[in-house]
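A short worksheet on the structure shown next.
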Amino acid sequence: MATVDTESRRVPLIQLDIPLERDLFLRNLIRELSGVLEDIVGLKEASGFISIVGQNMGNQMDLDYKKALGVSRLTRAQVADVLVDLKGRIKGDFYIVEQNDNRIVLGNRACPFAAEVVGRPSMCMMTSNVFGMIASQSLGYAKVTLEETIARGDRGCRVVIHLQPGAESEAAPGQEYFQS
């Protein structure tokens, strides 16, 4: 066991009050990486880099849920439930506000990145891409609009996943996703 001398006594380092554990370390790591990207290449480009990671993670999560459920495609209701479940597993607090054939609207009271997300809106591209990939792979199309985000200083998040191309989705800002 590692120890340190402090005023003539040996204290095990593990007993020191240092806010360092894996979850916090990884959240801080992602925050710092996104901050460096935002500072060097700008918010738009940083969001683009993070989008690529989110797409890859979204594809994997989509496959994992389909395999666990024993299905090749998720229904709209399953997509909504999967999005809430996956965020809950990583300490988010997403919930379904509404859903119909045209869209799924989710609210959120707690970001999986916790306080480390504040001021780092590029990190929200993880949510956009994971949600967009899962929805589009089963339903054919998705456009994700991040109407409110904790990262931008809102009290919570409001995420709209448009499920049909058309006037409503065209008018909404956001990223489009298509079935591959």
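Where a number appears in this text, it was derived from the coordinates with a stated rule and is not lab data. Because the structure is a prediction, the values reported are computed rather than measured. So basically every Cβ, Gly included, is an ideal-geometry build from the backbone, and we count neighbours across all protein chains shown.
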Across MET57, MET133, MET123, the residue with the highest GNM fluctuation in the chain (Cα network, 10 Å cutoff) is MET57
So what's the back-of-envelope 222 nm ellipticity for the chain, counting only DSSP H runs of four-plus at -39500 (n - 2.57) apiece and dividing by all residues, rounded to 500?
-> -15000 deg cm²/dmol
Give the shape of region 2-70 as rounded, prolate or oblate, defined through the alpha-carbon gyration tensor: a ≥ b ≥ c are the square roots of its eigenvalues, a/c under 1.5 means rounded, and otherwise the shape is prolate if a/b is larger than b/c and oblate if not.
-> oblate
Additional length obtainable on full extension of the chain from VAL11 to ARG155, 0.36 nm per residue less Cα span | 47.7 nm
Relative contact order %, region 20-178, counting alpha carbon pairs below 8 Å whose residues are six or more apart | 24
Calculate, in nm to one decimal, what ALA172 and GLU32 gain on full extension: separation in residues at 0.36 nm each, minus their alpha carbon distance.
-> 47.4 nm
In region 113-180, which trypsin sites (Lys or Arg not before Pro) fall in coil by DSSP and have 15 or fewer other Cβ atoms within 10 Å?
-> ARG152, ARG155
Added length on full extension, which subtracts the Cα-Cα distance from 0.36 nm per residue, ASP23 to ASN100 | 24.2 nm
Fewest Cβ neighbours within 10 Å first, please rank ILE134, ILE150 accordingly.
-> ILE150, ILE134
Region 133-161 scanned against label point 7 Å out from ASN59 along Cα→C-beta; backbone N under 20 Å for 133-144
For region 20-178, compute Rh as the Kirkwood radius over C-alpha pairs and then the Stokes-Einstein diffusion coefficient at 10 °C and 1.306 mPa s; write the answer in µm²/s, rounded to an integer.
-> 101
For region 2-78 and region 81-143, what is the separation of their Cα centres, given in Å?
-> 16
Mind checking which helices in the chain clear 27 Å along their axis (Cα) and have mean Kyte-Doolittle hydropathy of -0.5 or more, DSSP H runs only?
-> 22-41, 43-69
For PRO165, what charge total do you get from the other residues with a beta carbon under 15 Å from its beta carbon, if Lys and Arg give +1 and Asp and Glu give -1?
-> -2
